[in-house]
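For reference, the structure discussed in these notes is given below.
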Amino acid sequence: MKICATIAEYNPFHLGHLKHIEYMKNSLGAEKIVVVMSGNFTQRGEIAVMDKFTRASHAIKAGASLVIELPTVFATANAETFAKGAINILSSLNAVDGICFGVESGNKASYLELAKAMNNESKEFKKVLKEKLESGISLAKAKFEAVRELGDERFDEALISSPNNVLGLEYTKAILLRKSNMDIFPMHREGDHNDKTLKKGITSATSIREAIKDGKGKSAKKCVPPFVFSDFCPYPFDFEKVLLGSIVTATAEQLASVPDCTEGLENRIKAFIKDNHDLSTLVDKISTKRYTKTRVQRILLSNLLGIDNALVKDCLSSPLYAKVLAVDKEDKEIISVLSSKSSVPLLTRKSDSAMLKKTALSCFEKDTLASDLYALISNKKQNEHQMILV
């Protein structure tokens, strides 16, 4: 296999991620590794622990050839949109042979079989799906239960029972929907990515962020490569007031247009913001069994960034771009290889982004806005148009 891709946040990059890159090289035989990485804000609705260029440089130092930014409209979205957006970009390159993703369980065959079943949305399937969603369960679980109720009970529920498995399934579904030639390679990962307890060696990114938040970043020194540890900085940044202010100024109608803000949740948000001026408390108040904290955080962040349903829909159905954040200086020819095959422009300098039109331009403007906000909040100036040689 010549080019293998992965989709990541690297928030921050740790030894588990290093093992993943080594697996692609040594076990899958990847000659080049392309990473599609979230920018300055993440799928949890949080600000990243380090800026996107720093995190992209870590991936290159660890062995990746090239890092492309996952546009903000996808990086801050639910699993289905996150996956579709990333797969759309990778498919548009017309050069990636396969994608490798970390999971807790399952194999290639199990992901392909369940993805095919869940993509087969007949009228009967849609009817059952609607009923399941109305019961208050997640979209992934609702689709899984709809498949089972319609007579196919051979699938393992574990495939929709952890965030990494769900993402792996969504990547597979997106590849099949696009009729892409990319192969899939699930890799079993170690540990629980939500575990806040710092472990020796391979541990979760969550536990490392918690250590940094608590002023105990030194305790994570042996959990990350040296080049990552040397870039540790105070976290979190003073993000709350900016986010809370955007909720106060937004109308209920504006909130209702944000992805995943459904069934009158906008009124609940506006009601609770009046007396809850602490972000953690506000999220706790808004959250319910149906509306998880992560979902609420994504809604609040999307509101701040001005991301609405119409924009996301347009971005999913339109050709966009591949913004290159970083490239291995010894492997720069990969840019020429990808440019010659790609059906979307590779952005490596300011003049490239100046050519964007319509939906692609609107999408890129959200990336720029996210960078400007990150610079304001972190007090670290950024050049949105740069590409780093590592």
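Taking all Cα pairs closer than 8 Å and separated by 6 or more residues, the relative contact order of the range 155-226 comes to 17 percent.
Full extension of the segment from Glu113 to Ser351, taken as 0.36 nm per residue of separation minus the current Cα-Cα distance, would add 81.3 nm. The distance separating the Cα centre of the range 270-322 from that of the range 158-226 comes to 22 Å.
Under the combined filter of DSSP loop state and at most 12 neighbouring Cβ atoms within 10 Å, the range 214-301 retains these GluC sites (Glu not before Pro): Glu263.
So which of Lys332/Lys381; Lys25/Lys221; Lys141/Lys213 end up more than 31 Å apart, counting from Cα to Cα? Checking Cα-Cα distances, Lys141/Lys213 exceed 31 Å. Stretching the chain fully between Lys2 and Lys270 yields a gain of 91.4 nm (0.36 nm per residue, less the alpha carbon separation). By the gyration tensor of its Cα atoms, with a ≥ b ≥ c the square roots of the eigenvalues, what is the shape of the range 90-150: rounded for a/c under 1.5, prolate for a/b over b/c, or oblate? Taking the square roots of the gyration eigenvalues as a ≥ b ≥ c, the range 90-150 is prolate.
So which residue, out of Gly45, Gly151, Gly106, gets the largest mean-square fluctuation from a GNM of the chain using Cα contacts under 10 Å as springs? The residue with the greatest mean-square fluctuation here is Gly151. Once you reduce the range 126-142 and the range 325-390 to the center of their Cα atoms, the two points are 38 Å from each other. Restricting the calculation to Cα atoms, the range 312-381 shows an Rg/Rh of 1.02 when the hydrodynamic-style radius is the Kirkwood one.
Just need the relative contact order of the chain here, percent rounded to a whole number, with Cα pairs under 8 Å and 6+ apart.
In percent, rounded to a whole number, it is 22.
Shown is the FRET efficiency for Asn309 and Lys341, computed with R0 = 45 Å from the Cβ-Cβ distance and rounded to the nearest 0.05: 0.90.
Measuring only protein heavy atoms, the 1.4 Å probe finds Thr206 accessible over about 10 Å². Comparing Arg290, Arg189, Arg298 in a Gaussian network model of the chain, where Cα atoms under 10 Å apart are tied by springs, the biggest mean-square fluctuation is seen for Arg290. Evaluated with a Cβ-only charge set (Lys, Arg +1; Asp, Glu -1), the range 70-192 carries a dipole of roughly 480 debye about its Cα centre, given to the nearest 20. Helical runs assigned H by DSSP (4 residues or longer) give the chain a calculated mean residue ellipticity at 222 nm of -14500 deg cm²/dmol, each run adding -39500 (n - 2.57) before division by the residue total. Based on the alpha-carbon gyration tensor of the range 107-194 and its eigenvalue square roots a ≥ b ≥ c, which shape applies: rounded if a/c is under 1.5, prolate if not and a/b is larger than b/c, or oblate? Oblate is the answer for the range 107-194, as a/c is 1.5 or above yet b/c matches or exceeds a/b.
Excluding Phe155 itself, what net charge comes from residues whose Cβ is under 14 Å from its Cβ, given Lys and Arg +1 and Asp and Glu -1? That sum, taken over residues with Cβ under 14 Å, equals -1.
Counting protein heavy atoms only, the range 62-121 has 43 percent of its accessible area on carbon and sulfur, 1.4 angstrom probe. Once you list every other residue whose beta carbon is under 11 Å from the beta carbon of Thr348, what net charge do they have if Lys and Arg are +1 and Asp and Glu are -1? Within the 11 Å Cβ shell, the charges total +3. Name the residue, out of Ser91, Ser378, Ser351, whose mean-square fluctuation peaks in a Gaussian network model built on the chain with Cα pairs under 10 Å. Judging by the Gaussian network model, the answer is Ser351.
Per residue, the chain exposes an accessible area of 44 Å² to a 1.4 Å probe, with every protein chain left in place.
The values are calculated or read from the model by the stated rules, or taken from the named source; none is laboratory data. Just so you know, these numbers come straight off a predicted model, no measurement behind them. When we count neighbours, we look across all protein chains shown, and the Cβ atoms used for this are built from the backbone with ideal geometry, even at glycine. Please note that ligands, DNA and RNA were not included when accessible areas were found on the heavy atoms of the full protein model with its side chains. Shrake-Rupley method; radii C 1.70, N 1.55, O 1.52, S 1.80 Å.
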